[in-house]
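The structure is given below, and queries will be raised subsequently.
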Amino acid sequence: MSSAAAFRLYLAGAGGPLSYDAARHRWTTYCAAAGLNIDMHQLRHAHATELINSGVSIEAVRRRLGHASTETTQLYALLDDKVADAEIRAARRRDRVTR
(Lines give C-alpha, C1' and ligand atoms only; values in the text may rest on other atoms or scores of the structure.)
Protein backbone atom coordinates (compact mmCIF):
# COMPACT_ATOMS: atom_id res chain seq x y z
CA MET A 1 0.00 0.00 0.00
CA SER A 2 1.39 3.41 -0.87
CA SER A 3 1.80 6.18 1.65
CA ALA A 4 -0.86 8.12 -0.29
CA ALA A 5 -3.44 5.57 0.83
CA ALA A 6 -2.43 5.80 4.50
CA PHE A 7 -4.46 7.70 7.04
CA ARG A 8 -4.22 11.44 6.68
CA LEU A 9 -4.97 12.13 10.33
CA TYR A 10 -2.82 14.29 12.54
CA LEU A 11 -2.19 14.34 16.25
CA ALA A 12 -3.62 17.45 17.87
CA GLY A 13 -0.54 18.49 19.83
CA ALA A 14 2.40 17.03 17.95
CA GLY A 15 1.23 17.89 14.45
CA GLY A 16 2.84 14.79 12.94
CA PRO A 17 1.09 12.03 11.03
CA LEU A 18 -0.87 9.52 13.06
CA SER A 19 0.71 6.08 12.83
CA TYR A 20 -1.32 3.08 11.74
CA ASP A 21 -1.09 1.59 15.24
CA ALA A 22 -2.28 4.85 16.83
CA ALA A 23 -5.17 5.11 14.34
CA ARG A 24 -6.11 1.47 14.94
CA HIS A 25 -6.01 2.01 18.71
CA ARG A 26 -8.26 5.06 18.45
CA TRP A 27 -10.66 3.24 16.12
CA THR A 28 -10.83 0.22 18.44
CA THR A 29 -11.49 2.51 21.41
CA TYR A 30 -14.26 4.37 19.58
CA CYS A 31 -15.91 1.13 18.44
CA ALA A 32 -15.75 -0.36 21.94
CA ALA A 33 -17.38 2.76 23.38
CA ALA A 34 -20.14 2.50 20.75
CA GLY A 35 -20.58 -1.24 21.27
CA LEU A 36 -19.45 -2.05 17.72
CA ASN A 37 -17.09 -4.72 16.46
CA ILE A 38 -15.73 -3.24 13.23
CA ASP A 39 -12.06 -3.50 12.37
CA MET A 40 -10.02 -1.10 10.25
CA HIS A 41 -10.12 -3.38 7.22
CA GLN A 42 -13.92 -3.49 7.34
CA LEU A 43 -13.90 0.31 7.49
CA ARG A 44 -11.64 0.37 4.42
CA HIS A 45 -14.00 -2.00 2.55
CA ALA A 46 -17.04 0.06 3.54
CA HIS A 47 -15.39 3.27 2.37
CA ALA A 48 -14.38 1.77 -0.98
CA THR A 49 -17.82 0.23 -1.47
CA GLU A 50 -19.53 3.55 -0.75
CA LEU A 51 -17.26 5.30 -3.26
CA ILE A 52 -17.97 2.69 -5.94
CA ASN A 53 -21.71 2.67 -5.27
CA SER A 54 -21.70 6.48 -5.46
CA GLY A 55 -20.32 6.35 -8.99
CA VAL A 56 -16.64 7.03 -8.32
CA SER A 57 -14.58 5.30 -10.98
CA ILE A 58 -12.71 2.10 -10.17
CA GLU A 59 -9.49 3.87 -11.20
CA ALA A 60 -10.06 6.68 -8.69
CA VAL A 61 -10.84 4.18 -5.92
CA ARG A 62 -7.77 2.12 -6.90
CA ARG A 63 -5.58 5.18 -6.49
CA ARG A 64 -7.26 6.12 -3.20
CA LEU A 65 -6.63 2.66 -1.76
CA GLY A 66 -3.12 2.40 -3.14
CA HIS A 67 -3.78 -0.76 -5.14
CA ALA A 68 -1.35 -1.61 -7.92
CA SER A 69 -4.09 -2.96 -10.15
CA THR A 70 -7.79 -2.34 -10.71
CA GLU A 71 -8.37 -6.10 -10.47
CA THR A 72 -7.79 -5.88 -6.72
CA THR A 73 -10.16 -2.93 -6.48
CA GLN A 74 -12.82 -4.86 -8.42
CA LEU A 75 -13.19 -7.10 -5.35
CA TYR A 76 -14.77 -4.13 -3.60
CA ALA A 77 -17.28 -3.66 -6.42
CA LEU A 78 -18.42 -7.27 -5.99
CA LEU A 79 -18.95 -6.73 -2.29
CA ASP A 80 -22.16 -4.81 -2.98
CA ASP A 81 -23.87 -7.90 -4.42
CA LYS A 82 -22.83 -10.00 -1.44
CA VAL A 83 -24.12 -7.38 1.00
CA ALA A 84 -27.39 -7.10 -0.91
CA ASP A 85 -27.83 -10.88 -0.90
CA ALA A 86 -27.15 -11.03 2.84
CA GLU A 87 -29.70 -8.29 3.51
CA ILE A 88 -32.32 -10.07 1.40
CA ARG A 89 -31.71 -13.34 3.25
CA ALA A 90 -31.95 -11.54 6.62
CA ALA A 91 -35.22 -9.86 5.59
CA ARG A 92 -36.68 -13.21 4.52
CA ARG A 93 -35.69 -14.75 7.86
CA ARG A 94 -37.32 -11.84 9.75
CA ASP A 95 -40.45 -12.22 7.62
CA ARG A 96 -40.70 -15.93 8.48
CA VAL A 97 -40.38 -15.17 12.20
CA THR A 98 -43.13 -12.51 12.19
CA ARG A 99 -45.67 -14.69 10.38
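May I ask you to verify whether S19 is within 23 Å of V83 (Cβ to Cβ) and at pLDDT below 85? If you could, list the steps in order and put the result at the bottom.
On the way: within 23 Å of V83 (Cβ to Cβ): no; at pLDDT below 85: yes.
In short, no.
Residues being assigned to a loop (DSSP other than H, G, I, E, B) and under 13 Å from R44 (Cα atoms): count how many of those fall in region 56-99.
Within region 56-99, the first condition is being assigned to a loop (DSSP other than H, G, I, E, B), and the residues that meet it are 56-57, 66-69, 99.
If we keep only those that are under 13 Å from R44 (Cα atoms) as well, we get 66-67.
Number satisfying all stated conditions: 2.
I would also like to ask the following. Of all residues in region 13-35, count the ones that are under 14 Å from the mean Cα position of the chain (by Cα) and part of a loop (DSSP other than H, G, I, E, B).
Summing the residues that are under 14 Å from the mean Cα position of the chain (by Cα) and part of a loop (DSSP other than H, G, I, E, B) in region 13-35 gives 0.
Separate question: Identify all residues within region 31-63 that are at pLDDT 90 or above and either among the charged types (D, E, K, R) or touching a Leu at 6+ places or on another chain (Cβ under 8 Å) (or both); write none if there are none.
E59, A60, V61, R62, R63
Quick check on I58: is it under 14 Å from the mean Cα position of the chain (by Cα) and surrounded by 14 or more Cβ atoms within 10 Å (Cβ to Cβ)?
Values: under 14 Å from the mean Cα position of the chain (by Cα): no; surrounded by 14 or more Cβ atoms within 10 Å (Cβ to Cβ): yes.
Against the criterion (under 14 Å from the mean Cα position of the chain (by Cα) and surrounded by 14 or more Cβ atoms within 10 Å (Cβ to Cβ)), I58 does not qualify.
The values are calculated or read from the model by the stated rules, or taken from the named source; none is laboratory data. Computed from a predicted model, the values in this text were never measured in an experiment. Virtual Cβ from ideal backbone geometry, glycine too; neighbours counted across all protein chains shown.
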